[in-house]
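In what follows, a single structure is set out as structure tokens and then discussed.
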Amino acid sequence: MKADLLIRGIAQLVTAEGPGPKHGAAMRQLKVVEQAALAIADGTILWVGPEADWDGDAEATVDAQHRAVVTGLVDPHTHAVWAGDRLADFEARISGVPYERILASGGGIWSTIRATAATSPDDLLALAKPRIDSLLRSGATVIEVKSGYGFKPEAEIVMLQVIRDLAARTPARIVPTLLIHVPPKNASERAAYVSDVCQSLIPEAARQKLAEAVDVFVEKEAWSAVEAETMLTCAQQHGVAIKLHTEQFNRVGGFELGLRLGALSVDHLEACSAEQVATMADSPTIATILPGVSLHLGLPPAPGRALIDAGAAVAVGTDLNPGSSPLFSAAMALALAVRLNGLTAQEALVAGTVNATCALGFSNAGRIEPGLPADFLVLQGSDWRELVYTLGSNPVREVWIRGERVAP
Ligand code: NIG
Ligand code: FE
């Protein structure tokens, strides 16, 4: 075997096994190889195994110096493009004003929509780039980014174009999602907005190939399940996958809709009932939990432990956004999922790699396996569990994408 590069001296090489949704959540487990090596050719993983078993040639060798190597993380849920800040909201919430009340009174998401509308695409790009850099530095090699602060259909297209331009400026793989976030405040305008989304926004996003999925925020203060169904089925008719923000504060039918329509993922789930958890057993829909929101808004955490015990496939995301989760670290999201949602360290890494990849609708990432892109992290220490143990300093020493060291 002829490799461009051999990474040797790996104390532990950790990857998930079991590729796609069809294999079932229970199939996806961690595999740890001790004293390992990793061979790379053309940015792709050529071989992986115990170092003593390598008998190929490598043009170059890097010594990992007895550190752990794990699969590059996949952040399946971010809102990394926004302008303005939500510091006034934050102060109000700390003094007891609920998030939903701030939203209902025209602040919250609406204030970010106003600030985003007042910012040029170039400035939005310049604001978003360091956020992506920060996620990358924390270990994310694949990052989903949603629109949703445009509100006006033309502004949503601009947001998606900014996300496309962002993708060209980072080595991370950026996965764009069109988010239909909040409805017009005037109830009489909702039906016209839904038909605009279906007649022009979704077709235009699909035509320009600007979104890999359409997401709808289903909630008392946002869209109803009936309105969401119209927009999500329209997305599917245009060949675009779907996902939902749902069961964040209230149960208004989004969860059941997502499962019925075959959504890639249902995200949030803080308000999920035990009965709903049971219906996710063996579902191909991924349950994406967002512990940064529970921490920042003081919401009850999503029932991650119960979901896994019921046989659901759980993914973890940062939900990086200014209002509900100013969390700029994918590794920290996993660390929080262990503390707040009751995942084991092993489950958290599966949730942040292979399951998160499924939540984005593909299977050629999230694992260290011959034939897949050589996306991996060299950790600071020799035990991979420091990835989810460490709080407040970066457990990730180096980030490699397609066989190139991209950070630091
Ligand atoms: O995932 N819940 C709705 N959307 C975002 C928050 C957006 C915001 O507050 O700006 C979320 O929590
Ligand atoms: Fe979100």
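Please give the Cα centre distance for the range 43-110 versus the range 355-408, rounded to the nearest Å.
10
If each DSSP helix of 4+ residues adds -39,500 (n - 2.57) and the sum is divided by the residues in the chain, what number results at 222 nm, nearest 500 deg cm²/dmol? Display every interim value, and only then the final one.
On the way: 16 runs with 137 residues, N = 408.
Computed ellipticity for the chain at 222 nm equals -9500 deg cm²/dmol.
Using a Förster radius of 45 Å, what is the FRET efficiency between ALA281 and ALA104 based on their Cβ-Cβ separation? Nearest 0.05, please.
Details: r = 35 Å, r/R0 = 0.78.
The computed FRET efficiency comes out at 0.80.
What distance in nm lies between label points placed 7 Å from Cα along the C-beta direction at SER188 and ARG405?
Each label point lies 7 Å from its Cα, and together they span 6.4 nm.
Any idea of the accessible area per residue across the range 74-359, 1.4 Å probe, to the nearest Å²?
34
Show me the ranking of peptides 355-367, 292-304, 391-403 by mean Cβ neighbours inside 10 Å, starting with the highest.
Values: 355-367: 24.0, 292-304: 20.8, 391-403: 18.0.
For the peptides 355-367, 292-304, 391-403, the packing ranking is 355-367, 292-304, 391-403.
Leaving ligands, DNA and RNA out of it, report the carbon-plus-sulfur percent of the accessible area of the range 74-359 at a 1.4 Å probe.
Of the solvent-accessible surface of the range 74-359, carbon and sulfur hold 55 percent.
Please list log₁₀ I(q)/I(0) at q = 0.11, 0.13, 0.17, 0.21 Å⁻¹ for the range 154-237, using the Debye equation with identical point scatterers on the alpha-carbon positions.
-0.31, -0.42, -0.69, -0.97
Stretched out fully, how many nm does the piece from GLN380 to ALA88 gain, at 0.36 nm a residue minus the Cα gap?
Here the answer is 101.4 nm.
Equivalent-ellipsoid semi-axes (√(5λ), Cα gyration tensor) for the chain, whole Å, largest first?
Output for the chain: semi-axes of 36, 22, 20 Å.
Give me the percent relative contact order of the chain, please, defined on Cα pairs under 8 angstrom at least 6 residues apart.
Values: 1004 pairs, mean separation 87.1, N = 408.
Taking the mean separation of contacting Cα pairs over the length of the chain, I get 21 percent.
Return one number: the angle in degrees, 0 to 90 and rounded to the nearest 10, between the long axis of the Cα atoms of helix 121-137 and the longest principal axis of the Cα atoms of the chain.
40
Give me the extension gain from THR44 to TYR389: residue separation times 0.36 nm, minus the current Cα-Cα distance, reported in nm with one decimal.
Stretched fully, the THR44-TYR389 segment lengthens by 121.3 nm.
Place the peptides 178-184, 272-278 in order of packing, highest mean first, counting for every residue the other Cβ atoms within 10 Å and averaging per peptide.
By packing density, highest mean first, the sequence is 178-184, 272-278.
Need one number: % antiparallel among DSSP beta bridges in the chain, to the nearest 5.
Close to 40 percent.
For labels at ASP55 and ASP309 in the simple 7 Å Cα→Cβ model, what's the distance in nm?
Roughly 4.9 nm, to one decimal.
Measure off 7 Å from each Cα along the Cα-to-Cβ vector at VAL226 and GLN199, then give the distance between these two points in nanometres to one decimal.
Rounded to a tenth, the inter-label distance reads 2.0 nm.
Calculate how large, on average over all directions, the projected area of the Cα convex hull of the range 44-171 is; give the answer in nm² to one decimal.
Working: hull surface 47.2 nm².
Hull-based average projected area comes out at 11.8 nm².
The values are calculated or read from the model by the stated rules, or taken from the named source; none is laboratory data. All values derive from a computational prediction rather than experimental measurement. Methodologically, a virtual Cβ is constructed for each residue, glycine included, from the backbone with ideal geometry; neighbour enumeration extends over all protein chains shown. Side chains are part of the model used for accessible areas, which takes the heavy atoms of the whole protein and leaves out ligands, DNA and RNA. Shrake-Rupley method; radii C 1.70, N 1.55, O 1.52, S 1.80 Å.
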